[in-house]
1. Sort through B:Ile76, B:Ile140, B:Ile152, B:Ile161 and tell me the only one that's modelled with pLDDT of 95 or more and not in a helix (DSSP H, G or I).
2. Counting only residues that are surrounded by fewer than 17 Cβ atoms within 10 Å (Cβ to Cβ) and touching a Lys or Arg at 6+ places or on another chain (Cβ under 9 Å), which one in the range A:167-189 is farthest from A:Glu218 (Cα to Cα)?
3. Could you go through the range B:46-61 and let me know if any residue there is open to solvent by 20 Å² or more (accessible area, probe 1.4 Å) and assigned to a loop (DSSP other than H, G, I, E, B).
4. Please go through (1) surrounded by fewer than 20 Cβ atoms within 10 Å (Cβ to Cβ); (2) within 27 Å of B:Thr111 (Cα to Cα); (3) at pLDDT below 95 for B:Asn145 and return the number of the only condition it doesn't satisfy.
5. How about the range B:101-135: which of its residues are more than 15 Å from the chain's Cα centre (by Cα), within 14 Å of chain A (Cβ to nearest Cβ) and buried (at least 18 other Cβ atoms within 10 Å of the Cβ)?
6. Can you find even one residue in the range B:238-257 that is open to solvent by 10 Å² or more (accessible area, probe 1.4 Å) and in contact with a Pro (Cβ under 7 Å, 6 or more places away or on another chain)?
7. Please work out which residue is nearest to the chain's Cα centre (by Cα), limiting yourself to the range A:196-225 and to residues that are at pLDDT 95 or above and outside any helix (DSSP H, G or I).
8. Give the range A:212-250 a look and list any residue that's without any contact (Cβ under 8 Å) to a residue 12 or more places away in the chain and either under 18 Å from A:Val299 (Cβ atoms) or within 13 Å of chain B (Cβ to nearest Cβ) (or both), or say none.
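The values are calculated or read from the model by the stated rules, or taken from the named source; none is laboratory data. This is a predicted model, so every value here is computed, not measured. A quick note on method: Cβ atoms are made from the backbone with ideal geometry, for glycine too, and the neighbour counts reach across all protein chains shown. With ligands, DNA and RNA removed, areas are computed over all heavy atoms of the protein, side chains included. Shrake-Rupley method; radii C 1.70, N 1.55, O 1.52, S 1.80 Å.
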Protein chains: 2
Amino acid sequence: MFDAKEFIDNSMKEIKSIVKESRVISACSGGVDSTVTTYLVHKAVGKNLIAVFIDDGLRREGEPEFVVETLKSLDIKTKYVDAKVAFFDALRGKTDAEEKRKAFRDMFYKTLGKAAKEEKIAFIAQGTIKADVIETVKGIKSQHNVLQQIGIDPEVYGYKILEPLRELFKPEVRKVARELGLPKEISERMPFPGPALSLRVLGEVTPEKVAIVRKATEIVEEETKELGTFQNFAVLHNDKATGIKNGARLYGNIITVRIVESEDAVTAKFSRVPYEKLAKISERITKEIPSVVRCLYDVTDKPPSTIEFE
Amino acid sequence: MFDAKEFIDNSMKEIKSIVKESRVISACSGGVDSTVTTYLVHKAVGKNLIAVFIDDGLRREGEPEFVVETLKSLDIKTKYVDAKVAFFDALRGKTDAEEKRKAFRDMFYKTLGKAAKEEKIAFIAQGTIKADVIETVKGIKSQHNVLQQIGIDPEVYGYKILEPLRELFKPEVRKVARELGLPKEISERMPFPGPALSLRVLGEVTPEKVAIVRKATEIVEEETKELGTFQNFAVLHNDKATGIKNGARLYGNIITVRIVESEDAVTAKFSRVPYEKLAKISERITKEIPSVVRCLYDVTDKPPSTIEFE
């Protein structure tokens, strides 16, 4: 049986003994993994930690403000970095899923590296958990927070990596979050991928396409928050389809809704959501987003599909 | 109340009085509209009708053989035209839905025109029904069998058009089919678009992509034949998505399943198919078609979407 309190005590001791009086940077996206990591390190080293929120332009509605405010309310030294233009520049013209992930990852480390240099830090803390390690080793996806395994040597850049959660699965991370007294919006927060909405725009990622999937995501999250499912989101296709808006033909956008049940993200089942709920989501998405004419529901388990589309 | 027997009698008289001793050609795809049209004209003018089955390479599994055999069993003079290479050549490089429809339509009339010339005919019989006329007038889709409204003047080619079903909706066409004693496979046949599987391959149409959607269509039709729904089919996306096959990552194909309830195709509701049925279809498609990693279900009514994707 996993003991969250014991884990926290051991982890803080270990972090202190490794970091000593050095400075640490932690990129916090607001997800449970990176927020628990950030808060654990903060508790261990206090003012020697600086949390960075990198605004890549790919976050959900209201997310940048929420994350920065939450970190400040926890008394964590926090830096907001506006990198929206740089990320969209890096993603321009990329259409292949792995290429997009690599472009995101490279820009993420470039931005983080710049902040690390400015802050004269020696350690980078990362929210890597066990599922990330397993998936990267298997070659299913390259998770952006597993450096060594994908051949990026952080020591080349002069930094050392702290990954206090790398032996934990998601349910254990949530237990640690509760034990740490983090707000419920964090401890019960749905998994959200590092490269954020860039994975949920099939084909090239542009600010216009991100705005469409951001709105669809907001609708899906609003309509499904009572379901208690593992992960609920929207994906914007690059393909288009025929529809009818205001009595005229429109060759418009397609949105897929994905709602899955899972324990640990390693396997998942598509959720048998009541059809009236899906009909409501489909209606809202096609009404509230003028360019969308069609709404699909993903009925594939993992395997053979993954949870995310990219 | 629609009287099918009266319709047949009047229609045959009208066809006879227009056609007299001339020769007529009718392109029969095996759908209820074109087969009823073909059989009506056959009953009116006998040997002066020649039915043509154009094999465009876009038909469902076993369809060319079935249609030709059915026409022959009805004693209709029938010609099989192998135009597969010509159609794939015409579709090559086309990705826009309307462009694809136009390319199909042009090749269809070119092929039919060639057959008409060989057979020295004066009339072309077409299975246009009322929904085709309404949709083309509204500009929602250009149905390939509504010539005059889209600016194609058949008289330029020296032919006249016979459209005996143009005032009928689909349920009335089926009544006529039953009254004519056509086999159940025809009278109760699901609607299937003129441009066939080309509309169900998003993006460029190639023989390889048609083979994938043909297999998926076969699975959907097998699994849903007992549902009694209006139309059931599969669509192959041009977008790809991540999945896992044999333990390794595969950036593979996406199939959408569309099952709708409708009276007349003018409006439609997505069918609330039991989830266990959808799970079975999804499992079969991702297992039996190696390149497919993900299966989606369309949860949009018409409007705002159309029944077909293109």
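1. Of B:Ile76, B:Ile140, B:Ile152, B:Ile161, the one residue that is modelled with pLDDT of 95 or more and not in a helix (DSSP H, G or I) is B:Ile76.
2. Looking at residues that are surrounded by fewer than 17 Cβ atoms within 10 Å (Cβ to Cβ) and touching a Lys or Arg at 6+ places or on another chain (Cβ under 9 Å), I get A:Glu167.
3. yes
4. Of the numbered conditions (1) surrounded by fewer than 20 Cβ atoms within 10 Å (Cβ to Cβ); (2) within 27 Å of B:Thr111 (Cα to Cα); (3) at pLDDT below 95, the odd one out for B:Asn145 is (1).
5. The answer is B:Glu135, and nothing else.
6. Checked the range B:238-257: at least one residue is open to solvent by 10 Å² or more (accessible area, probe 1.4 Å) and in contact with a Pro (Cβ under 7 Å, 6 or more places away or on another chain).
7. Taking the candidates together, the pick is A:Val201.
8. A:Asn246, A:Gly247, A:Ala248, A:Arg249
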